[in-house]
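Reading through the structure tokens given below for one structure.
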């Protein structure tokens, strides 16, 4: 609850036009992209600078008001759903690219910058910011850092974490700290930068970030390989890596996904094949050509029934259509789409996909799997209907089994979507009691009053483990 | 308060729950929404926010208060959110239904009620009255009254955007011209298709030249054209403003006017009208008899640019004096009729034309039916962004495919004071190319 007096204080800081507690104003910040989560905040505040953020946080800390920092609300773990009320902080005023440093190859931004705007701004200078989450057209850098977002280029280039060099953070007591710097080497103290990346707004509020850039790759090529069995596709992935080639993209679609995609886009995809790999490489022209040839050969050796290398950019685009349409095709099947991101070591992909198919059968639900085969990050996706309580319960059970299986195979419950509320009950499966305790110790030290995105990451109770093996 | 309860009940009874649930809130629509961007990224002015508000009203989570209404009113209805939606939510249908519910239960001030009555019930559905109004404008333009009014600065009593709107109105046809409309025209070359032409209300009065150019091009491309005189306004204006019942009446009249004709296509030249016509099946979906009839009507609707390309009009080597041309998509032509390539293809086929795509050509220009009159601030903000993109291309000719967009672009040119830039409808530029090419060829013919 926000008292009249506290409200006046907030307005004094940000101005009346940046404080909204109207019913409609709160309603539209009561959700993110996670199905079935909605909860109204008490107010929505749009600070204009770091100092205002700090002043807001101090008031919240004094009055124990929960704070949820929110980018564009595209996350899939209910991380920005204000489940405990309080205030939602939005960064519509803090959305400038502050500097592109071509000597140090860095870009410094405010948290509200849209990911794609950043990518385009640095590409105009011949520089490259690789993390490319599917939501990049609208996601913000602040959101990406808080969720440690991945993307299609993760295999070769890593994820958001690998590009964050320095941060400005407002802590729960209102202190403003700066971590890291434009430095390749820096061992002065704990690596707080890494601690805040992926912390989902539970440790502090990121108000500025300096990101690493790399030179733009010269060229890029695309190919599509079709398989009659899953094993062969998985073996191709392993063989490519074993041949010391790291492609930019190594995307995977299973048969159920293929069938759905083909009925949606009608581009002549063979629906009788068991799996498709979309492979891309970038870099110097000679290297790309050599790698593409080698990878095509490897795929054929592993019994791909067809390998198609795009000759033009248009052809490449067509090949990407299948992968790009996966989400749309699945989302149109049923009103609710549950998109998960269980992740396993690369070598376990075939086992994981097979397990997912078995689990889907066991619970009589429809699960299609696509994802980033190169880095083991799969997206088992279930089209369902929240109104069908019985099916929803079975879907939940199926995903529990999937999480358990992923961990059994040496993987994790979430590769890039985050824990939020959605995965919190399963976190202990991955970390163990001691791991959770260590993280909670950090949380308590930095946010003793538990005002920073409370209710996220740490669950009130852990789910009973369904499969007890490791 | 009582009204709010009624509206809430109607939301629960009438809003399509499946469609509302279909929105998975991924946010992919946000970067395409002009009002989200221009409002400084306010979720309540985004498609996702508006759907959430509609659903919350249905769920009883909030009341349909004035903030909810404001959010729905500020939407341009451009439907740019639909093609990018992974779930394929038909946002336009949700918006139309919601606006209808609100409009039917709202107590408008007497003056607004009077204006709505005149516009929706007394004017647009009646072709003769449209002609009379246009004739009055013609009298104003030709009698010297316009010159006098402008000289005396009388327009200053109008809000700025309306005063400027007066300046960009086309020179309208005379009463006589409007009353002598053809009902049947034969192809000028070998007959390839037989088509019906949807002449529209505004298009056949205020924009009669555009209609004439459209028919001329169709003739040249090899079409016999039927123009049934019993057709009427498409009803888009009504549908978008919460007067669905009137829109349905007009739809039925149009279906009746066209269904008996033995034609391959029904041709439109205004994206706004075409998009509404092509969704008559949705409009009449709850009416078992009309739903079927609407389906066969809808199947024949095509924009003129699509027919011209189909008939190979772009392969005939048309020429124009050298100029840079850019194209502003009509939102409804692009997002609802799914026609975006054909106009570009036609423009690029004219030699002498250097076609330059402007940034965000697919973003609304802010015209949006009568939006620029009722929401001038947002409309002008959207237009200013558009004109900045136009200027980047250095184009001297801006081409559009809908009368509202055309007027808005003219307004933009006027506001920016761009003296060497003009805005034309696609068919006008094509006809210009036809004439220029003929002129260039004539001396050759004479000597040869």
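The values are calculated or read from the model by the stated rules, or taken from the named source; none is laboratory data. Computed from a predicted structure; not experimentally measured. Here Cβ is always computed from backbone atoms with ideal geometry, including for glycine, and neighbour counts include all displayed protein chains.
Tell me which helices (runs of 4 or more DSSP H) are completely within region B:276-359 and hold 1 or more residues being outside the structural domain of residue B:432 (by TED's automatic domain parsing), or say none if there are none. Give the derivation first.
Values: elements: B:280-283, B:288-298, B:304-310, B:331-335, B:341-348.
The qualifying helices (runs of 4 or more DSSP H) are B:280-283, B:288-298, B:304-310.
Within region A:334-353, the set of residues being within 13 Å of another protein chain (Cβ to nearest Cβ) and in a loop (DSSP other than H, G, I, E, B) comprises A:334, A:335. Considered as a group, the residues in region A:290-333 that are outside any helix (DSSP H, G or I) and either within 14 Å of chain B (Cβ to nearest Cβ) or out of contact with any helix residue (DSSP H, G or I) (no Cβ under 8 Å at 6 or more places or on another chain) (or both) include one that is surrounded by the fewest Cβ atoms within 10 Å (Cβ to Cβ), and that residue is A:312. Looking only at residues in region A:119-154 that are crowded, with 23+ Cβ neighbours inside 10 Å and assigned to a helix (DSSP H, G or I), the one that is nearest to the other protein chains (Cβ to nearest Cβ) is A:143. If the condition is being within 12 Å of chain A (Cβ to nearest Cβ) and in contact with a helix residue (DSSP H, G or I) (Cβ under 7 Å, 6 or more places away or on another chain), then region B:86-101 contributes B:86, B:87, B:89, B:90. What residue, among those in region B:253-269 that are assigned to a helix (DSSP H, G or I) and out of contact with any strand residue (DSSP E or B) (no Cβ under 8 Å at 6 or more places or on another chain), is surrounded by the most Cβ atoms within 10 Å (Cβ to Cβ)? Going through the qualifying residues, I end up with B:254. Among the residues making up region B:2-25, those that are out of contact with any strand residue (DSSP E or B) (no Cβ under 9 Å at 6 or more places or on another chain) and in a loop (DSSP other than H, G, I, E, B) are B:15, B:16, B:23, B:25. There is no residue in region A:28-35 that is without any contact (Cβ under 8 Å) to a residue 24 or more places away in the chain and either farther than 19 Å from residue A:71 by Cα or more than 10 Å from every other protein chain (Cβ to nearest Cβ) (or both). Regarding region A:82-98, can at least one residue be identified that is in contact (Cβ under 8 Å) with a residue 60 or more places away in the chain, assigned to a loop (DSSP other than H, G, I, E, B) and within 14 Å of another protein chain (Cβ to nearest Cβ)? Yes: one or more hits.
Just to verify a result, which residue in region B:3-31, among those that are within 26 Å of the chain's Cα centre (by Cα) and within 30 Å of residue B:385 (Cα to Cα), is farthest from the other protein chains (Cβ to nearest Cβ)? So the residue we want is B:29. Taking region A:251-271 as the range and being in a helix (DSSP H, G or I) and surrounded by 15 or more Cβ atoms within 10 Å (Cβ to Cβ) as the test, the residues that pass are A:255, A:256, A:257, A:258, A:259, A:260, A:261, A:262, A:264, A:265. When region A:13-27 is limited to residues that are in contact with a helix residue (DSSP H, G or I) (Cβ under 9 Å, 6 or more places away or on another chain) and more than 8 Å from every other protein chain (Cβ to nearest Cβ), the one that is surrounded by the fewest Cβ atoms within 10 Å (Cβ to Cβ) turns out to be A:21.
For region A:1-69, the helices (runs of 4 or more DSSP H) that sit wholly inside it and include 3 or more residues that are within 30 Å of residue A:386 (Cβ to Cβ) are A:23-27. Among residues of region B:44-68 being within 9 Å of residue A:27 (Cβ to Cβ) and assigned to a loop (DSSP other than H, G, I, E, B), the one that is farthest from the other protein chains (Cβ to nearest Cβ) is B:61. Out of the residues in region A:272-284 that are out of contact with any helix residue (DSSP H, G or I) (no Cβ under 7 Å at 6 or more places or on another chain) and part of a strand (DSSP E or B), which is farthest from residue A:341 (Cα to Cα)? Step by step, filter region A:272-284, then rank; the result is A:283.
Rundown of residues vs (1) touching a residue at least 40 places away in the same chain (Cβ under 8 Å); (2) more than 28 Å from residue A:392 (Cβ to Cβ), yes/no style:
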| residue | (1), (2) |
| --- | --- |
| A:294 | yes, yes |
| A:297 | no, yes |
| A:308 | yes, yes |
| A:312 | no, yes |
| A:319 | yes, yes |
| A:322 | yes, yes |
| A:328 | yes, no |
| A:331 | yes, no |
| A:336 | yes, no |
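Is it the case that region B:32-42 has a residue that's crowded, with 21+ Cβ neighbours inside 10 Å, outside any helix (DSSP H, G or I) and at the interface with chain A (Cβ under 9 Å from one of its Cβ atoms)? Yes, there is a match, as at least one residue in region B:32-42 is crowded, with 21+ Cβ neighbours inside 10 Å, outside any helix (DSSP H, G or I) and at the interface with chain A (Cβ under 9 Å from one of its Cβ atoms). The lone criterion from (1) over 21 Å from residue B:369 (Cα atoms); (2) in contact with a helix residue (DSSP H, G or I) (Cβ under 8 Å, 6 or more places away or on another chain); (3) exposed (fewer than 13 other Cβ atoms within 10 Å of the Cβ) left unmet by residue B:147 is number (2). Summed over region A:373-413, the residues that are assigned to a helix (DSSP H, G or I) and more than 29 Å from residue A:248 (Cβ to Cβ) give a count of 15. Among the residues of region A:222-231, is there at least one that is modelled with pLDDT under 95 and over 30 Å from residue A:314 (Cα atoms)? Yes, region A:222-231 contains a residue that is modelled with pLDDT under 95 and over 30 Å from residue A:314 (Cα atoms).
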